[in-house]
Each structure stands twice: as C-alpha cells, then as structure tokens.
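Structure first, commentary second.
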Amino acid sequence: MIMISIPVAWVFNFICIVLWLFVRPWRSWLSGLVLIVGIVLFGSRTFVWHSIEKLTDSSIPLKVFSYNVQSFGLDSDWERSHSSPRVRRLVNYVLRYEAPVKCFQEFYNSTSIDDYDVVRHFQESGYRHSVLLNPEAANQPSGMVGVAIFSIYPIVHGDRESFDRWNGLVWADIKVGHDTVRVINVHLQSMGIRVGKVLRQGQLAGVKHETRGVLSALRSGFIERREQVARVERHIRESPHPVIVTGDHNDTPYSVVYERMRRILPNSFEEAGRGFGFTYNRLPGFIRIDHQFHDPSLSMLNFETINYIKYSDHYPIVGTYRVNNKPRK
C-alpha cells in the first residue's frame, strides 16, 4: 500500500528541497538523496520518452488495442433498454479503431437492442475470430461478457479462466503471417479506489467511514491480485508461442503484481511509451494500472496511451509489435 504513494512522495520531497534551499540549504541533501534514489529505482516505470520505430524488413506490425470499456457506460435502466447516443459513440469508436487485435475488459453485449449487439457488429466488421470469458452472455438480451479478444487474424486455439464472475483471463493463439502469437487478456481484481466518494463527504465521520472502506478494498484487492497473477504466470510458462499480456491489471508500476510480471516479460510502456502513460480516468488520476507485457522476441515499434478518449474510467492502450514473417525451418 505504501508503494502507491511513491509519486506523491517524490512531489513532497521536491517541495522540501525547494523550501530547505531558501531556509537551511544544508538540510536539502536528505530530500534530494531520497528523490534521486527513487528516480533511479523506479524512474523508467514512471516516465519515458521513446520515438516510434519503423519497419525496415519483411516483418509484420501487430497492433494490439486494449480498453476497459466500463460496460460501455450503461449505468441506467433507461440506457439499457433504449439506444443511447453516448453509448453509440463509444461502440463506434472501438469498432472503427484500426487494429487487427482488440482486447476488452468489462465488455457488455445485448441482443435486444441492435446498437448494443457489439459481438455481432465486430463479426460484421471483419473480426470473425474471438474468445470470450462468458460466451453465453453474447446471446442474451442483456449480458456481461467481461473479458474478450477479437481478431481479424485466425485464432488457431483459445481458452478462458474465470477468477470470479467478472474478472478473469482469456487467451488466443493468433496466426500472424508465418508465426503464431499468444495474446493473453487479463482483468485482475479491482483496486476499489473511491477517492471521489471520500471528497464528497460533508462530515468527518463520513470521511473516516469511506476512507476505511477504501483501505479495506485495497487490502483485499492486493491479496486477490497476488493469487490471480500466479495463474497468469502459469499461462505464460505453458505457452508454446511468443506471448503478449495485456489488460486491466488494477495495479501500479510499483506493485508486487507489476514486479512479478516485469521479471518474466518486458513492459511495453517502458520499452516504447512516451510521457507518464496514466491510464485511469478518475481521481486520483496519476496512476497507470492498464499494462502490456511482451515476449523479448517481439520487439516494440510503438506504445501509446490514448488519453484524449474519455468515454470510460480507463484510457485505451495500444502496443505495436514486430512479428517475424519468415517461415520456420
């Protein structure tokens, strides 16, 4: 839990450096040392700036789009039973974004309203191959599919594993040229952050109550995600193909989950991202909890956090990888 506060600690120490320089300059060395050590240890996980690589050979660029769509924002009973312009905008965006592989978390589908029959729309748009966490929900008048992968390229094999009703992982062995890549889409246990509820409390008792709820949810989330990431690691180890792991990990770059994944696979943001890459579109707003990790054999061309798309409480992330197009001997 302490690790979440690292960016705040950096800002605090920077302020201390400035204040001590005006009052007692010799005391600024301690805050400066703490800031330098923190940046050396975790700087590359926080801020990077890479240029976009271009293909110079016959390899195939594989773009993997990942987005927690927050049930397409269908929060009210009226919107669930009527076509909403706000929902249509989000659906049209994810359908039209140009990427051959698209991964979603909190994916919702409804066969009762044509605009919400998103699985069918994907199939009609050329994404004829898919793996869904709850495939039965794709044929219901109102169903939470949860985690989903859609691909233009053929899926030669795929499967799913549920953690609970909504959280889990799906994986697909996708044939790209002469090679096969396994894409694993995960949605780990929620962080349970409700900073907005805390700030909206008008009395101290309400603030204390909501704060205790946030801390309790964070603790439970850490425990659940630690167990869930072990299952993700197993799928990575068992894969006969190069692996790309994407999704909503619900953990920051300083967490146990991130560290364990990072020890197995390079992080795509650190390899090819730009800026801070914050992916959470709610308070506190300065956290990156949606990640992509990739097999070292799949070199990075580009990684982007699309932080101007604000339909959901998450921003989309997109990684572009170089896939070998030479036939295996």
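The values are calculated or read from the model by the stated rules, or taken from the named source; none is laboratory data. Bear in mind the structure is a predicted one, so any value in this text is a computation, not a measurement. Please note: Cβ atoms are built from the backbone with ideal geometry, for glycine as well, and neighbour counts cover all protein chains shown. We work out accessible area using only protein heavy atoms, side chains counted, and drop any ligands, DNA or RNA first. Shrake-Rupley method; radii C 1.70, N 1.55, O 1.52, S 1.80 Å.
Summed over the stretch 300-328, the residues that are in a strand (DSSP E or B) and basic (Lys, Arg) give a count of 1. Does Pro25 qualify as being under 26 Å from the mean Cα position of the chain (by Cα) and at negative phi? The answer is no for Pro25. Picking from residues in the stretch 288-299 that are in a loop (DSSP other than H, G, I, E, B) and open to solvent by less than 30 Å² (accessible area, probe 1.4 Å), the one that is nearest to Thr56 (Cα to Cα) is Leu298.
Taking the listed residues Gly221, Gly206, the one that is at pLDDT below 90, more than 26 Å from Lys326 (Cα to Cα), open to solvent by less than 10 Å² (accessible area, probe 1.4 Å) and assigned to a helix (DSSP H, G or I) is Gly221, with no other qualifying. Surrounded by 18 or more Cβ atoms within 10 Å (Cβ to Cβ) and of a type in the set (D, E, K, R): does that describe Glu304? The answer is yes for Glu304. In the stretch 44-79, the residue that is modelled with the highest pLDDT out of those that are surrounded by 18 or more Cβ atoms within 10 Å (Cβ to Cβ) and assigned to a loop (DSSP other than H, G, I, E, B) is Val69. Cβ-Cβ distances below 6 Å connect the following pairs, each with a first residue in the stretch 1-26 that is of a type in the set (Phe, Trp, Tyr), a second residue that is in a helix (DSSP H, G or I) and open to solvent by 70 Å² or more (accessible area, probe 1.4 Å), and a separation of six or more residues or different chains: Trp20/Arg27.
Rundown of residues vs (1) in contact with a strand residue (DSSP E or B) (Cβ under 8 Å, 6 or more places away or on another chain); (2) within 30 Å of His294 (Cα to Cα), yes/no style:
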site: Cys16; (1), (2): no, no
site: Phe22; (1), (2): no, no
site: Ser44; (1), (2): no, yes
site: Tyr67; (1), (2): yes, yes
site: Leu74; (1), (2): yes, no
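Filtering Val257, Val232 for residues that are within 18 Å of Asp173 (Cβ to Cβ), buried (at least 16 other Cβ atoms within 10 Å of the Cβ) and touching a residue at least 24 places away in the same chain (Cβ under 8 Å) leaves a single hit, Val232.
If you go through the stretch 95-110 and keep only what is open to solvent by 50 Å² or more (accessible area, probe 1.4 Å) and either among the small types (Gly, Ala, Ser) or in contact with a strand residue (DSSP E or B) (Cβ under 8 Å, 6 or more places away or on another chain) (or both), you end up with Glu98, Glu106.
Listed here are the residues, each with its yes/no results for (1) within 21 Å of Asp313 (Cβ to Cβ); (2) not aliphatic (A, V, I, L, M).
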site: Arg80; (1), (2): yes, yes
site: Glu106; (1), (2): yes, yes
site: Ser130; (1), (2): no, yes
site: Ala138; (1), (2): no, no
site: Val145; (1), (2): yes, no
site: Ala148; (1), (2): yes, no
site: Ser151; (1), (2): no, yes
site: Gly168; (1), (2): yes, yes
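Of all residues in the stretch 28-42, exactly one satisfies the criterion of being within 24 Å of the chain's Cα centre (by Cα) and surrounded by fewer than 13 Cβ atoms within 10 Å (Cβ to Cβ), namely Leu41.
Is it the case that some residue within the stretch 245-253 is surrounded by fewer than 21 Cβ atoms within 10 Å (Cβ to Cβ) and of a type in the set (A, V, I, L, M, F, W, C)? No, the stretch 245-253 has no match at all.
The residues of the stretch 80-101 that are modelled with pLDDT of 95 or more and among the basic types (Lys, Arg), listed by number, are Arg88, Arg89, Arg96. Within the stretch 82-94, restricting attention to residues that are loosely packed, with under 15 Cβ neighbours inside 10 Å and over 22 Å from the mean Cα position of the chain (by Cα), the residue that is farthest from Ile317 (Cα to Cα) is His82.
Being open to solvent by 10 Å² or more (accessible area, probe 1.4 Å), without any contact (Cβ under 8 Å) to a residue 24 or more places away in the chain and either in a strand (DSSP E or B) or farther than 18 Å from Val69 by Cα (or both), is that true of even one residue in the stretch 264-287? No, because not a single residue in the stretch 264-287 is open to solvent by 10 Å² or more (accessible area, probe 1.4 Å), without any contact (Cβ under 8 Å) to a residue 24 or more places away in the chain and either in a strand (DSSP E or B) or farther than 18 Å from Val69 by Cα (or both).
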